[in-house]
Amino acid sequence: WVRRNRAVASVAALAAALLLVGTGAAGVWVARAERAKRAAEVSQREEARRVQTGLIHDARQRAEASQAKVLVPTAETLGSLSSEDRRQRIDGALGAAMRSLQDAQLWRGLAPDDAAATRHAAEAGRGLGEVALLGEQWSLAAEAFEQVRGLGVDSGRAQRDVDRVQEARTAEARRQREAVLAILARAETGQLSEEARGLERKRIPGTGCFS
């Protein structure tokens, strides 16, 4: 009986020892698995940061290259051109300015906390607004300047630019109204009829041309 109890006790002790060893091994395995998981997560975050950094770098280079291609013509330069050349110059500048703004917005979208990206977006928006203003595209100019104002970069200047659009739009509407009134006044005095008769006398018979 004693020997049997001793055997049972030995088996129980061995089982307890194996249980302890197994528990310890399981604990070690769990710890190692946790460390591996954390290492993998850190590696993934680092890789994501590397990819993000690369994207931002490429976006910045592209935005800066696009901005360098934007040449805002002066009013004096446009004034010396024919109507067709003036239109082509403005259209070309508008296309370059719009691409510049798109690239600047992409850079800022990837790096919203980067002050340089925000400043660049403001410059690109201002460039588009200036070209649109020269081309008398009031709505586009207003939208561009409004976007700049929303960025919070030099808010005072941004507000002045928004006001300039409204002033230019109002001045153009006034000029058009005055031109219409002048035509009506000439019509009332018969001046338009005299001019029409004068042109008719200059018409080359059998053609639609005037001498």
**Message:** Condition first: open to solvent by less than 60 Å² (accessible area, probe 1.4 Å), part of a helix (DSSP H, G or I) and farther than 27 Å from residue 86 by Cβ. Now tell me which residues in region 110-137 satisfy that.
**Reply:** 110, 115, 116, 117, 118, 120, 121, 122
**Options 64, 84, 76: the member that is in a helix (DSSP H, G or I), among the acidic types (Asp, Glu), under 25 Å from residue 131 (Cα atoms) and touching a residue at least 24 places away in the same chain (Cβ under 8 Å)** = 64
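A quick yes/no check of all residues on (1) open to solvent by less than 100 Å² (accessible area, probe 1.4 Å); (2) at pLDDT 85 or above; (3) under 31 Å from the mean Cα position of the chain (by Cα):
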position: 16; (1), (2), (3): yes, no, no
position: 45; (1), (2), (3): no, no, yes
position: 64; (1), (2), (3): yes, yes, yes
position: 70; (1), (2), (3): yes, yes, yes
position: 75; (1), (2), (3): yes, no, yes
position: 84; (1), (2), (3): yes, yes, yes
**Asked** For region 86-102, which residues satisfy the criterion of being buried (at least 16 other Cβ atoms within 10 Å of the Cβ) and either within 19 Å of residue 145 (Cα to Cα) or among the small types (Gly, Ala, Ser) (or both)?
**Response** 90, 93, 94, 96, 97, 98, 99, 100, 101
**Fill in**
Checked pairs for region 150-174, first under 13 Å from residue 129 (Cα atoms), second open to solvent by 60 Å² or more (accessible area, probe 1.4 Å) and assigned to a helix (DSSP H, G or I), C-beta under 7 Å and 6 or more apart or across chains, list as 158/149; 159/149; 162/146; 162/149
**Prompt:** So which residues in region 138-181 are open to solvent by less than 80 Å² (accessible area, probe 1.4 Å), of a type in the set (Gly, Ala, Ser) and more than 23 Å from residue 63 (Cα to Cα)?
**Reply:** 156, 168, 171, 173, 179
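The values are calculated or read from the model by the stated rules, or taken from the named source; none is laboratory data. The model shown is predicted, which means the values in this text are computed figures rather than measured ones. For neighbour counting, all protein chains shown are included, and Cβ atoms are generated from backbone atoms with ideal geometry for every residue, glycine included. Ligands, DNA and RNA are stripped out before the accessible areas are found, and what is left, the full protein with its side chains, is counted by its heavy atoms. Shrake-Rupley method; radii C 1.70, N 1.55, O 1.52, S 1.80 Å.
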